[in-house]
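The values are calculated or read from the model by the stated rules, or taken from the named source; none is laboratory data. Everything quoted here is computed from the prediction, not taken from an experiment. Because the Cβ atoms are built from the backbone with ideal geometry, glycine has one as well, and the counts that use them run over all protein chains shown. The accessibility values were calculated without ligands, DNA or RNA, using every heavy atom of the protein model including side chains. Shrake-Rupley method; radii C 1.70, N 1.55, O 1.52, S 1.80 Å.
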Amino acid sequence: MAGHLLRVSSLATAVFASSGFYLYNRQLDLNDLSVIRFGRAAATTAVISLDYLTAFKRVKCGTEEYSALKSKVHLRSAERLRDLCCANRGTFIKVGQHLGALEYLLPDEYTSTLKVLHSRAPESSMKEIQQVIREDLGKELSELFVFFEEKPQGAASLAQVHKAVLHDGRTVAIKVQHPKVQRQTSRDIVVMEVLLRAVHWLFPDFAFMWLVEEAKKNMPLELDFLNEGRNAERMADMLAHFTFFKVPRIHWDLSTKRILTMEFIEGGHVNDRDYMMKHGINVNEISENLGKIYSEMIFVHGFVHCDPHPGNVLVRKCPQSNKTEIALLDHGLYQTLQPDFRLDYCQLWQALIKGDMSGVERYSLRLGAGDLYPLFACVLTARSWNAINAGISSVPVTHSEEVEIRDGAALYLPQISTLLNRVPRQMLLLLKTNDLLRGIETTLQTRAASSSFINMSRCCIRAIARHKKSKAQSRRRYLQITLVESLNLWTLSMYELFLWLKGSTLGHWLTALMAFLH
């Protein structure tokens with residue numbers, strides 16, 4: 001027996017020693033091990049769950065003490081979640097960034113804490129970057145570039161971008177994927193799915209499985225940089241009629257699934273008011289033009305860039321024309337809207353803008369909201385039910401309404417979770433896109449400007465007319481649709497002119513004159 005134990009212990013010692021020697025020689029980062037990543041995620045999930053299960057036992061629901069304690073639990077749980085994302089990196093940071101944009105769903109403590117993940121993404125070492133370039137392009141840096149800036153221009157959850165100069169003198173931006181992301185992503189999604197199911201079992205109202213489903217579908221697309229390049233070129237062609245819109249040109253000879261080489265564009269982030277003031281860029285013009293770009297994508301073409309966080313939207317004065325431009329970066333994640341879905345979405349926004357409540361109900365039902373259509377309208381617009389009844393284009397956003405919306409999100413969390421599991425999957429990325437755009441408008445202090453609703457209405461009118469024309473069975477019907485479209489667009493232009501006159505010096509002068517004559 002003793003001899004048997006001696007042999008077993010000797011074998012175990014040998015295996016342990018050889019494993020340690022192997023890991024040492026490979027200089028393996030323990031963070032790469034699935035068991036470490038899963039253990040860290042499971043421990044964080046357990047601690048957060050236990051905190052929520054035990055924190056409120058001795059506090060009466062509805063009291064000020066309860067509200068204060070709830071805020072503290074939210075904050076420390078959000079900080080634990082943020083630290084987990086920073087430790088596990090990659091897919092975890094990507095999902096954390098998504099959660100940070102869900103202002104209509106999560107308490108403020110979560111969104112404000114998780115938003116920092118946009119600036120907390122990890123950087124790969126220069127050695128790792130060189131290795132990826134060597135493996136994918138088959139050459140050393142010196143053979144490809146006369147200059148390569150080692151400090152990245154920016155680091156994201158999946159990749160980082162370096163500035164470089166080609167041998168012909170052109171300046172380019174090189175997006176290089178973090179070397180370990182591709183290998184870790186599928187395992188990380190399985191980890192998230194297991195843990196979310198466990199949390200849902202403990203807290204039945206917590207229904208976030210849609211987040212895992214979206215990650216399963218979208219992560220492979222975002223990890224294919226050739227797909228991103230094709231999306232960029234398609235978007236540049238689609239919106240070529242907007243002279244203020246810019247997409248970086250792709251260098252296909254220096255691009256692979258893990259490397260994307262493109263034209264280098266300098267500019268300030270779209271939420272940087274100081275940069276705009278310094279360079280003489282009109283904030284209202286930027287907000288209006290960004291609205292035009294996204295209205296065209298969503299309502300007319302149904303091909304939507306779904307990650308417009310400020311780091312992906314640059315503004316600048318064009319060096320050649322000195323005109324203001326908006327440059328859109330990071331084209332990895334797009335949503336292609338189904339035609340029927342897109343048209344129902346057009347009709348819904350038209351109804352919301354006009355305050356047509358029967359239309360709001362009808363098209364919300366068609367989009368899967370069911371009896372939760374009032375909540376759906378509030379989530380979609382981030383406006384109160386009273387504002388929706390009055391027509392969101394005619395009621396300005398107030399601070400009290402914003403507080404009401406924020407507080408309501410916490411109160412109706414179970415219903416919002418039910419709603420998000422009910423609506424079509426393509427609606428989820430649109431909601432994320434809406435939230436990011438709304439955040440930019442809030443920062444620029446242009447929220448709910450009348451021009452944004454006019455641009456949306458114009459695109460909706462064109463999209464609906466185009467659909468009807470495609471179904472027209474006679475030339476007379478086609479001309480009738482065209483005439484109605486032209487009349488509606490003309491009416492909208494007249495309304496826009498009226499608003500411009502009303503806000504101009506001439507308008508103020510005429511108003512004063514009319515008051516004097518009266």
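What percent does the relative contact order of the chain come to when contacts are Cα pairs within less than 8 Å and at least six residues apart?
12 percent
How are the C-alpha pair distances of segment 273-401 spread across 10 Å bins, as whole percents from the shortest bin up?
11, 32, 33, 19, 5, 0
Straight-line reach from LYS163: which aspartates and glutamates have a Cα under 14 Å away, not including same-chain ones fewer than 8 places off?
Candidates past the 8-residue exclusion: GLU149, GLU150, GLU263, GLU266.
Report D for the chain in µm² per second (integer): Stokes-Einstein, Kirkwood Rh on Cα pairs, 37 °C, 0.692 mPa s. Display every interim value, and only then the final one.
Details: Rh = 25.9 Å.
Here the translational diffusion coefficient equals 127 µm²/s.
Excluding ligands, DNA and RNA, what is the solvent-accessible area per residue of segment 250-325 at a probe of 1.4 Å, expressed in Å²?
For segment 250-325, the solvent-accessible area averages 41 Å² per residue.
How far is the Cα center of segment 50-123 from the Cα center of segment 314-376, in Å?
Centre-to-centre distance over Cα atoms comes out at 28 Å.
Of the peptides 481-489, 188-196, how do they stack up when ordered by the mean number of other Cβ atoms within 10 Å, highest first?
Put in order of decreasing packing, that is 188-196, 481-489.
Quick one: give the max-minus-min coordinate of the C-alpha atoms of segment 137-194 along each principal axis, largest first, in Å.
51, 24, 15
Starting from the exponent 0.38 and prefactor 2.2 Å, build the expected Rg for segment 158-246 from its residue count and divide its actual Cα Rg by it.
On the way: Rg = 19.0 Å, N = 89, 2.2 N^0.38 = 12.1 Å.
Working it through for segment 158-246, the quotient is 1.57.
Which lysines have a Cα lying under 30 Å from the Cα of LYS217, excluding residues fewer than 8 positions away in the same chain?
Reachable lysines: LYS94, LYS115, LYS175, LYS180, LYS246, LYS257, LYS292, LYS432.
How tilted is helix 225-238 with respect to the longest principal axis of the chain? Cα atoms for both, answer in degrees (0 to 90, nearest 10).
Roughly 10 degrees, rounded to the nearest 10.
How big is the equivalent ellipsoid of segment 356-443 along its three axes, where each semi-axis is √(5λ) from the Cα gyration tensor, reported in whole Å from largest to smallest?
20, 16, 13
Quick one: with all protein chains in place, what share of the accessible area of the chain is carbon or sulfur, to the nearest percent (1.4 Å probe)?
57 percent
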